[in-house]
Amino acid sequence: MKILFIGDVFAAIGREMIETYLPQLKQQYQIDVVIANVENATHGKGLNKRHYEEFLFQGISLMTMGNHTFAKKELFDYIDEADRLIVPYNQPRALPGMGSREITILGKKIRVTNLLGITFMDGKSQNPFEAIDDVLKEDTSDIHIVDFHAEATSEKIALGYYLDGKVSAVLGTHTHVTTADEKILPQGTAYQSDVGMTGPYESVIGCDKDSIIKRMKTGVMTPFLVAESVGQLRATLLTFNDQNQCIQIERICIDPDHSF
Ligand code: FE2
């Protein structure tokens, strides 16, 4: 079985990259399941219902979120019926949504869990190490992918080792920068600190670079602007054997410097 995980889809250009390249990727790599982090898919923050439905139509089976989950308030209106959407499991308990879901594809029970980091984040989430223990108590899946939406590589690496042998893969999201540390950990869990962003190529993690430079140089808060740029796609491909062990993890990069 082959599972493609697409990194943080950011704004219109990120959605266009999926529309353009996902059919080709599916064909070339014989992909069975597609998962994507879509917390920034609508105008760079949040996810509206139209884009959620577009992703489903394009064959994305499960979607994960992050620290911007409720940036688009309409999510409160459709989240109860969005049965392929996974919000951070350790978000404040008052917020709605499912933090871990299992679906069956080709006879395999595929579980995806979304977790938020707490290091350099907003401090409102439950400890992710404790939270995932709760998920594991109930888990009977064949393949379990954890999207760890976090800032600090140290926290990500630590969770990877904590979950080694307990889940199939720990893939990081949120920093929007692909890390070159994909590996299979000693007890068989596939790991990568960050899958990277599917969005504007010439940008500061998706935002207009000039406005961000101005903000950083002067300290004056500039408006949030999505960068106008050609696109990039970042994804990670996981290959499983018949015993549900991940035997290969590989990065996929598409942009003007990495042709497809
Ligand atoms: Fe994020």
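Looking at the structure I just gave you, is L237 buried (at least 16 other Cβ atoms within 10 Å of the Cβ) and touching a residue at least 12 places away in the same chain (Cβ under 8 Å)?
Values: buried (at least 16 other Cβ atoms within 10 Å of the Cβ): yes; touching a residue at least 12 places away in the same chain (Cβ under 8 Å): yes.
Yes; evaluated as a whole, the condition is true for this residue.
Filter the range 84-97 down to the residues that are crowded, with 18+ Cβ neighbours inside 10 Å and either more than 16 Å from the ligand (Cβ to nearest atom) or assigned to a loop (DSSP other than H, G, I, E, B) (or both) and list them by number.
The answer is V87, P88, Y89, N90, Q91, G97.
For T178, only one of the following conditions fails: (1) of a type in the set (V, I, T); (2) at pLDDT 95 or above; (3) farther than 29 Å from I145 by Cα. What is its number?
(3)
Each row is one residue, and each column tells you yes or no for (1) farther than 19 Å from V177 by Cα; (2) under 15 Å from the mean Cα position of the chain (by Cα).
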| residue | (1), (2) |
| --- | --- |
| M17 | no, no |
| D32 | yes, no |
| E54 | yes, no |
| L62 | yes, yes |
| A71 | yes, no |
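Check whether at least one residue in the range 188-201 is free of Cβ contacts under 8 Å to residues at least 40 places away in the same chain and either in contact with a strand residue (DSSP E or B) (Cβ under 8 Å, 6 or more places away or on another chain) or more than 23 Å from A12 (Cα to Cα) (or both), and report yes or no.
no
Working carefully through the options K166, K156, K217, find the one that is of a type in the set (K, R) and crowded, with 20+ Cβ neighbours inside 10 Å.
Exactly one of K166, K156, K217 is of a type in the set (K, R) and crowded, with 20+ Cβ neighbours inside 10 Å, namely K156.
Can you tell me which residue in the range 170-185 is farthest from the ligand (Cβ to nearest atom), limited to those that are under 12 Å from the mean Cα position of the chain (by Cα) and not in a loop (DSSP other than H, G, I, E, B)?
Top of the filtered list is V170.
Which residues, taken from the range 111-166, are more than 13 Å from the ligand (Cβ to nearest atom), under 15 Å from V195 (Cα atoms) and either part of a strand (DSSP E or B) or in contact with a helix residue (DSSP H, G or I) (Cβ under 6 Å, 6 or more places away or on another chain) (or both)?
Those that are more than 13 Å from the ligand (Cβ to nearest atom), under 15 Å from V195 (Cα atoms) and either part of a strand (DSSP E or B) or in contact with a helix residue (DSSP H, G or I) (Cβ under 6 Å, 6 or more places away or on another chain) (or both): I145, V146.
Hey, can you tell me all the residues within the range 110-141 that are closer than 23 Å to L4 by Cα and either surrounded by fewer than 17 Cβ atoms within 10 Å (Cβ to Cβ) or of a type in the set (S, T, Y) (or both)? I'd like the intermediate steps shown before the answer.
Going through the range 110-141, the residues closer than 23 Å to L4 by Cα turn out to be 110-117, 132, 135-136, 139-141.
Passing the criteria: T113, L136, D139, T140, S141.
Does the range 216-228 contain any residue that is in a strand (DSSP E or B), of a type in the set (D, E) and either over 25 Å from I110 (Cβ atoms) or in contact with a Cys (Cβ under 8 Å, 6 or more places away or on another chain) (or both)?
No.
Counting only residues that are away from the ligand (no atom under 16 Å from the Cβ) and among the aliphatic types (A, V, I, L, M), how many does the range 186-201 have?
Qualifying residue count, the range 186-201: 1.
The values are calculated or read from the model by the stated rules, or taken from the named source; none is laboratory data. Fair warning: this is a prediction, and the values are worked out from it, not measured in the lab. Ideal geometry is used to build each Cβ from the backbone, glycine not excepted, and the neighbour counts take in all protein chains shown.
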